[in-house]
Amino acid sequence: MPEPSSSRPAPVPPAGSVSGREAGPRRHARAAIVALVAAAACWGLGTVVSKQVVDDVTPLTLLPVQLAASCALLAGAAVLRRAPFAWTAPMRRLALLGVLNPGAAYALGLIGLTSITASMYVLLWALEPVLILLLAALVLRERIPPGLAVLVAVAVLGVLVVVYRPGAAGDPVGIALTVASVGFCAAYAVLTRRLLLDDSALAVVLVQQAAALGFAAVLATVVTLAGGTGWSLAGPDVVTWLVAAASGVVYYGLGFWFFITALRLVPASYAGAFLPLIPVFGLAAGYLAGERLALTQWVGAAGIVAATVAIALRGRAADPVEASRG
């Protein structure tokens, strides 16, 4: 005879506990938050270091040097971690996005920076999280919660307070090149999110930056042959080249690795909401280097941090991927 079924009800989880089904998305959200903050820190610190180097190394020489150092780091990490890699059609499309960013985007940005003030340059980059929100809604059909849009607006306002300086200006060409660079970066984030499947984040970043390195090297060569300032290897000492390589490792290697790791776990709109933290880390690095901040900069930085904390708490309270679906 079959054994009688038990009439005892299933055990009830203790109050306050999280089921396995709920814990997975929350773990993903926490991991994404850590990765996004780390990416912002790398980009903020890398920007400060790059600004010091660009005075001694021409922009179109600096970019391939930085990307070469980044690719060396990523290739070594891929070998050590035995990162899975498959040269599939989606991976080939992801590699082409590397030509868009960091290839063309940062080439245009560096050229634009030569004809506009640094304050104007940073102000224009404050558009990136807004563009990512718009493109995520249009291209990926992500639902943008009103609360997230408001918090991003608060963070962007904080960026404007932090970086604005009277006299921020530039010629129309420089402004147009910088806006194009910002648009390329926003499109990169959204399109990469669309193409990411189960590919290793490390493998994706490696192929993208290898493509960007090829583009940057060809661009510098073409500009040199045309009589412009492309390759310029004479002048800087060994220490300068080492600092340039280190900035590439931090900014391109680690920064993009962290960002793509997070982008596999959360919507593009949520990932872009953490980008206003970049100038905060830049200010922190400058402060440690001896720069002193005005009261308005402290207020703006506090606003950015408060808005980002609120965004992070929203992400921990619910699955960001589910929250983005219409």
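Every read-out reported here was derived from the displayed coordinates using simple, explicitly stated rules and does not represent laboratory data. Note that the structure is a prediction, hence the values are computed from the model and not measured. Here the Cβ is made from the backbone with ideal geometry for all residues, glycine too, and neighbour counts use every protein chain on show.
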Report summary line: Using alpha-carbon positions, the gyration tensor of the stretch 235-312 gives root eigenvalues a ≥ b ≥ c; with a/c under 1.5 called rounded, otherwise prolate if a/b exceeds b/c, else oblate, the class is oblate
Query raised in the report: Which order do peptides 233-244, 131-142, 261-272, 36-47 fall in by mean Cβ count within 10 Å, highest first?
Result: 261-272, 36-47, 131-142, 233-244
Query raised in the report: Per Stokes-Einstein, at 20 °C and 1.002 mPa s, what whole-number D in µm² s⁻¹ belongs to the stretch 80-126, with the Kirkwood radius over Cα pairs as the hydrodynamic radius?
Result: 163
Query raised in the report: Taking the Cα centre of the stretch 25-323 as the origin and placing charges on Cβ (Lys, Arg +1; Asp, Glu -1), which of 80, 249, 265 is farthest toward the positive end of the dipole?
Result: 265
**Report entry** Three-way shape call for the stretch 25-323 based on the alpha-carbon gyration tensor, with the a/c threshold at 1.5
**Finding:** oblate
Query raised in the report: Would you list 311, 111 from fewest to most Cβ contacts within 10 Å?
Result: 111, 311
Report summary line: Per-residue Cβ contact counts at 10 Å, fewest first, order 91, 120 as 91, 120
Query raised in the report: Between residue 96 and residue 82, what length in nm is gained on full extension when 0.36 nm per residue of separation is reduced by their alpha carbon distance?
Result: 2.7 nm
**Report entry** Neighbour-count order for 256, 85, fewest beta carbons within 10 angstrom listed first
**Finding:** 85, 256
Requested in this report: Can you quote the Å³ per residue value for the convex hull of the Cα atoms in the stretch 154-243, rounded to an integer?
Outcome: 210
